[in-house]
Each structure stands twice: as C-alpha cells, then as structure tokens.
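To keep things clear, I will list the structure first and then write my remarks on it.
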Amino acid sequence: MAKKFWGGRFTKKTNPLVEEFTKSIRYDYKLADYDISGSIIHVEILKKAGYLTTLEAARLKNGLIAIHKNVKDGTFRPDKNSEDIHTDIQNKLADKVGDAALKLHTARSRNEQVAFSTKLYCIDMIGKIRDEIEVMDASFEKLAGKNKTMMIPGFTHLRHAQPVYLKDYLSAYGRMLGRDSGRLENIAKSIELTMGAGALAGTPIASKFYSKYIRPTANSLDSVSDRDFVIEILNALAITGMHLSRLAEDLIIWSTKEFDFIEIDEAFCTGSSLMPQKKNPDVLELVRGYAGRLYGNLMSVLTIMKGLPLTYNRDMQLDKEPLFSSVEIVTEELKLMAGIIKTLRFNKAKIEEHLEDEALYATDLVYYLVDKGVPFKEAHAVIGRLVKHTIDNSIEIKSMSDAELKKFSEKFVHKEIIKLFDPKISVESKKSIKR
Ligand code: ARG
C-alpha cells in the first residue's frame with residue numbers, strides 16, 4: 001500500500017482485505033483534475049493566512065501544476081496501491097517537492113476535498129453534456145430543414161391518429177432535450193462550491209482568507225455531508241436517458257420492415273453472426289437498455305444516502321461509480337444519437353402510402369360536421385358509425401356516393417369531403433400551435 005493520509009494512532013498493519021475493500025482509486029482517479037484545482041486554491045489560501053511562506057507556496061503550486069499537466073495530457077498514472085485519488089496526488093506531490101508537501105493538508109480534510117472535487121467534476125461535466133445536447137439539437141434542426149414539408153402519420157397508442165409535420169415530431173424531441181439542458185444548467189448554478197469545512201467543524205483560518213479565492217462554507221457540517229447535487233444530476237440524466245430511450249424506440253419501430261419509414265445509416269447498425277441478411281439497431285437497443293442503468297444509478301445513491309447520520313460517512317464514497325457511469329453513458333448516447341439523426345433517411349414513398357389511410361382523417365371529418373353546426377358529440381358518433389361501416393364493408397369513405405354519405409348525415413357533401421383526405425390540409429387546419 002502506498003503512503004496513507006493517516007496511521008499515526010495505529011500500531012498494527014492494516015489487513016490487506018481492508019485495504020482492498022476501502023480503496024476508491026480504481027474509479028476516483030477521474031477526479032484528479034478537480035482535486036488538483038482545489039489544492040491550488042487551497043495553497044493560495046494557506047499562503048494568505050500565513051501558513052505557507054511565499055517560497056513554500058510557489059513550490060507546492062508548481063508541483064501541483066506539473067501533476068495537473070500530466071492529467072491534462074493523459075500521462076498521469078494513478079498508483080493503484082493508493083487509497084484514493086486525494087492520497088495519490090499528495091504522494092505524487094511529496095515525490096516532486098519533498099517536505100513542502102507535508103504542509104498542504106493544513107486545515108483540510110479529504111471529507112471536504114472529495115465533496116469539492118466531485119462538485120467541480122459535476123459542473124465541468126454538466127457543461128460538456130450541455131454542449132453535446134446542443135450538437136444533438138443542431139442535428140434535429142438539420143434533418144427537419146432537409147424534410148421541411150414532409151408529413152408523417154402521428155400516433156397515439158402506437159396507432160394511426162392524425163397526420164403531423166415531421167419537423168414538429170423532431171422538434172418535440174428537441175424541446176425535451178432543451179428542458180434537459182435547462183435542468184442541468186440550474187443544477188450547476190445551485191452547486192455550492194465552498195471551502196473551509198475541514199473534516200466537519202470548520203478550520204482555524206478566518207473566512208476572509210477563503211473569500212479572496214472561493215466562497216467560504218456557510219455550514220461546514222452541510223458541506224461535507226450532502227450529496228444532493230449528485231442525486232440531482234443523476235435524476236436529470238435519468239430523465240435525459242428516458243427521452244433518448246423513447247427516441248430510440250421510435251426509430252427502432254420506424255426502421256422495421258413493417259413500418260419502413262426510415263433507413264438508419266449502416267455505420268450505426270450491426271449484423272448477425274448467423275443470419276446474413278440482418279441489419280440490426282443494436283445501438284438504439286442499448287440506448288433503450290441503458291435507461292435502466294441510469295435509473296438504477298439514481299436509486300443507488302438515493303438509497304446510499306437515506307440513513308446516514310451527519311456528517312461524513314464512508315458510504316458516501318460509493319456515489320462515484322453511479323455518478324461517473326451516468327455521466328459517461330449519457331455523453332456517449334448523445335454523441336451516437338446525434339450521428340444517427342444526422343444520417344437518417346426517410347422513405348417518402350412508404351410514408352405517403354401510410355398517409356393514405358383514411359382513419360388518419362376521421363377527426364377532420366368530425367370538425368367538418370362541427371363547422372356545419374353539428375354538436376361535437378353527435379359529429380363524433382356519426383363519424384364513428386361511418387368508419388365502422390367502411391370497415392365492415394371493406395370500402396373507403398372516398399368511394400361512397402353522396403346519397404350513401406347522406407344516410408349518415410345530411411350535411412355531408414361528397415365533393416367537399418374528398419378534399420379532406422389530404423395530409424397537408426389536415427396539418428394546416430390546426431391553428432393552435434404557436435410556431
Ligand atoms: N475516498 C474517500 C471518499 O471518496 C475520501 C474520504 C475519506 N475520509 C475519511 N474520513 N475516511 O469519500
């Protein structure tokens with residue numbers, strides 16, 4: 001085991017199983033960037049408060065900057081024998097600057113370090129995920145722009161409902177993702193990035209020395225205790241994952257032979273080892289499947305936190321894997337889905353065939369009668385009977401004569417009715433949408 005942050009009061013060697021069981025370096029090395037950023041601020045505060053000479057501070061800072069550089073250029077190698085990333089960076093700093101490193105931990109605890117670096121990680125990742133959402137949104141807009149006038153059957157209960165514009169369908173998902181982005185932005189804004197909590201009770205350094213560089217803690221017990229910000233992000237990402245999963249499901253259905261609305265680019269599909277004809281939507285299926293993982297990650301941290309007495313407890317170390325997992329899943333999903341959307345092709349002929357289904361215009365026929373003074377409920381019943389009649393007799397409304405139509409309502413005029421079976425007229429007749 002690498003050098004620990006503690007050990008003075010122990011005479012026995014730690015059981016190796018305990019060391020393995022308690023370590024978090026395997027995953028929390030992902031906090032290296034943020035831990036170092038926090039340490040650099042801490043050095044400034046220690047210097048200002050008189051705990052470090054200018055020379056000591058400069059040495060520590062340079063050492064930290066050198067390690068930071070390694071993190072940024074990908075040459076940082078966490079020592080898997082370290083207990084966690086905070087310990088590992090302290091040890092690496094000691095190797096670089098010698099005894100000066102012993103003072104870095106003055107008035108500081110890992111309890112605060114871990115909360116601070118996790119918060120910084122979250123703020124950074126929220127920015128990155130919001131950027132990916134923007135890319136995705138741009139791909140929706142591009143696809144909508146390419147198919148500006150295209151109409152598709154709209155569905156409720158996965159049954160033909162009414163025709164809609166494809167661009168509206170796409171922008172529905174765009175709006176969901178827009179709210180996801182707003183939700184994440186609000187979370188980032190509400191994260192209390194503070195220092196001065198120490199292990200739980202604050203530090204001997206006056207808050208004015210913190211104020212110069214960072215917000216001093218308003219309540220040190222709260223600062224080291226809560227992971228509500230992690231839960232909020234996991235919640236926001238679970239919602240984003242749910243939106244992406246629904247989009248994936250729509251695309252899976254639309255790409256079936258039965259629907260045949262779309263063609264997913266080959267670069268985003270996979271094949272079968274046995275059936276040579278297959279072009280499978282495995283990426284979309286995984287996006288749908290990962291929603292389960294995202295929900296699980298949220299549940300995991302909610303459950304870890306529910307019974308913890310204030311303040312820090314080691315249980316809280318277990319928030320990292322679910323957090324990293326959800327951030328990584330959603331980031332990858334957004335990238336892939338943006339690629340799929342950008343390269344999606346619509347099968348216009350097939351969609352037009354679907355749009356010929358008279359059922360899609362039944363509601364327009366109701367409005368037609370309503371416009372002629374028939375009460376809505378009555379008009380609804382008339383069209384219901386008319387639809388039933390056409391199904392029972394395997395005929396189309398369009399093919400019925402004026403006299404036949406008048407048996408259902410004397411208001412029907414055949415030459416007026418036949419104009420209504422037009423997707424463009426149908427979608428344009430909906431005036432309520434403020435575009
Ligand atoms: N790796 C630990 C975590 O992520 C650091 C905090 C350990 N603190 C302690 N008092 N044992 O939570």
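The values are calculated or read from the model by the stated rules, or taken from the named source; none is laboratory data. Since we're looking at a predicted model, the values are computed, not measured. Cβ atoms come from the backbone with ideal geometry, glycine included; neighbour counts cover every protein chain shown. For the accessible areas, the whole protein counts, side chains as well, though only heavy atoms, and no ligand, DNA or RNA atoms are used. Shrake-Rupley method; radii C 1.70, N 1.55, O 1.52, S 1.80 Å.
Here are the numbers for this structure:
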| read-out | value |
| --- | --- |
| Computed lengthening from residue 265 to residue 413, 0.36 nm per intervening residue step minus Cα-Cα distance | 48.6 nm |
| Computed over the range 171-245, the ratio Rg/Rh where both radii use C-alpha atoms and Rh is Kirkwood | 1.18 |
| Using a Förster distance of 25 Å, the FRET efficiency for residue 432-residue 381 (Cβ separation, nearest 0.05) | 0.55 |
| Surface/4 estimate of mean projected area, convex hull on alpha-carbon atoms of the range 338-435, nm² | 8.6 nm² |
| Centre separation in Å (Cα based) which lies between the range 37-55 and the range 192-241 | 19 Å |
| Peptide ranges 162-172, 323-333 listed from the most packed, as the mean C-beta count within 10 angstrom indicates | 323-333, 162-172 |
| The chain: antiparallel DSSP beta bridges as a percent of all, rounded to 5 | 80 percent |
| Proportion of all alpha-carbon pairs of the range 89-165 beyond 19 Å (%) | 69 percent |
| Carbon and sulfur %, accessible surface of the range 152-200 computed with the full protein complex present, 1.4 Å | 54 percent |
| Residue 432 accessible area, 1.4 Å probe, all protein chains in place, Å² to nearest 10 | 110 Å² |
| Packing-based ranking, highest mean first, of 181-188, 51-58 given that Cβ atoms within 10 Å are counted | 181-188, 51-58 |
| Among the listed pairs 72/128; 3/30; 128/257, those beyond 26 Å (Cα-Cα) | 128/257 |
| Of the DSSP H helices in the chain, those whose Cα atoms cover at least 20 Å axially and whose Kyte score averages 0.0 or more | 32-48, 228-254, 282-305, 320-342, 376-392 |
| Volume per residue that the Cα convex hull of the chain spans, once the total is divided by residue count, Å³ | 215 Å³ |
| Calculated [θ] (222 nm, deg cm²/dmol) that DSSP helices of n ≥ 4 give over the chain, each run adding -39,500 (n - 2.57) | -19000 deg cm²/dmol |
| Under 11 Å from the residue 332 label point (7 Å along Cα→beta-carbon), backbone N, the range 279-317 | 286-287, 290 |
| Rounded percent of accessible protein surface that carbon and sulfur make up, the range 270-397, 1.4 Å probe | 57 percent |
| For the range 351-401, convex hull volume per residue from C-alpha positions, Å³ | 82 Å³ |
| Computed over the range 300-424: relative contact order in percent, which uses C-alpha pairs under 8 Å that are six or more apart | 19 percent |
| Gain on full stretching of the segment that runs from residue 15 to residue 347 - 0.36 nm per residue minus C-alpha separation | 113.0 nm |
| Cβ-derived FRET efficiency at R0 35 Å, residue 131 paired with residue 424, nearest 0.05 | 0.40 |
| Reference-scaled alpha-carbon Rg (2.2 N^0.38 Å with N residues) for the range 274-343 | 1.57 |
| Out-of-range pairs (alpha-carbon distance over 30 Å; input 411/431; 142/279; 4/335; 320/342) | 4/335; 320/342 |
| Difference of contour (0.36 nm per residue) and Cα-Cα distance, residue 372 to residue 186 | 62.0 nm |
| Efficiency of FRET between residue 314 and residue 70 - r from beta-carbon atoms, R0 25 angstrom, step 0.05 | 0.30 |
| Kirkwood Rh in Å, taken over all unlike Cα pairs in the range 1-87 | 14.6 Å |
| Where only alpha carbons of the range 89-233 are counted, the Rg and the Dmax (Å) | 23.8, 74 |
| For q = 0.14 Å⁻¹, Debye-computed log10 I/I(0) when each Cα of the range 201-302 counts as one equal scatterer | -0.71 |
| The range 213-256 - convex hull of alpha carbons, volume per residue in Å³ | 81 Å³ |
